[in-house]
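Input: a single structure, listed below in structure tokens.
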Amino acid sequence: MAPSEITRTGILRAIAEHDRLGSEAFRDTYGYRAAATYLLVHEGQQYDSKAIAGVGVCCTIG
């Protein structure tokens, strides 16, 4: 799946899952490490960009 195919809804679902679990548990659950370079900022909160994008793909395709 190309990055352009990830939906806004998928990303927002991933963010909601992150908020529900917390950063460390979210990364552990989905097998990601903490972001080294790029962060996603949504409504003033910072998120690991690759982890959110990766889980956003799963939320997009089901």
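Laboratory data are not the source of any read-out in this text; all were calculated from the coordinates shown. Quick caveat: nothing in here was measured; it's all calculated off a predicted structure. Reconstructed Cβ throughout: ideal geometry from the backbone, glycine too, with neighbour counts over all protein chains shown.
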(message) Need one number: nm distance between label points at Gln46 and Thr9, each 7 Å from Cα along Cα→Cβ, rounded to one decimal.
(response) 3.2
(message) At 7 Å along Cα-to-Cβ for each site, give me the label-to-label distance between Cys58 and Ala25 in nm.
(response) 1.5
(request) Please compute the net charge surrounding Ala25, taking Lys and Arg as +1 and Asp and Glu as -1 over other residues with Cβ under 12 Å from its Cβ. (result) -2
(message) How charged is the neighbourhood of Gly54? Take every other residue with its Cβ under 12 Å from the Cβ of Gly54, and add Lys/Arg as +1 and Asp/Glu as -1.
(response) +1
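In the chain, what GluC sites (Glu not before Pro) fall in a loop by DSSP, with at most 11 other Cβ atoms inside 10 Å?
Glu43
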(message) Using a Gaussian network model on the chain with a 10 Å cutoff between Cα atoms, which of Gly44, Gly31, Gly22 fluctuates the most?
(response) Gly44
(request) For the range 7-16, just list the computed ³J(HN,Hα) in residue order, Karplus coefficients 6.51, -1.76 and 1.60, θ = phi - 60°, integers in Hz, with x standing in for Gly and Pro. (result) 8, 4, 4, x, 5, 5, 5, 5, 4, 4
(request) Please give the peptides 47-53, 35-41 ranked by average Cβ packing (other Cβ atoms within 10 Å per residue), highest first, as a rough proxy for protection. (result) 47-53, 35-41
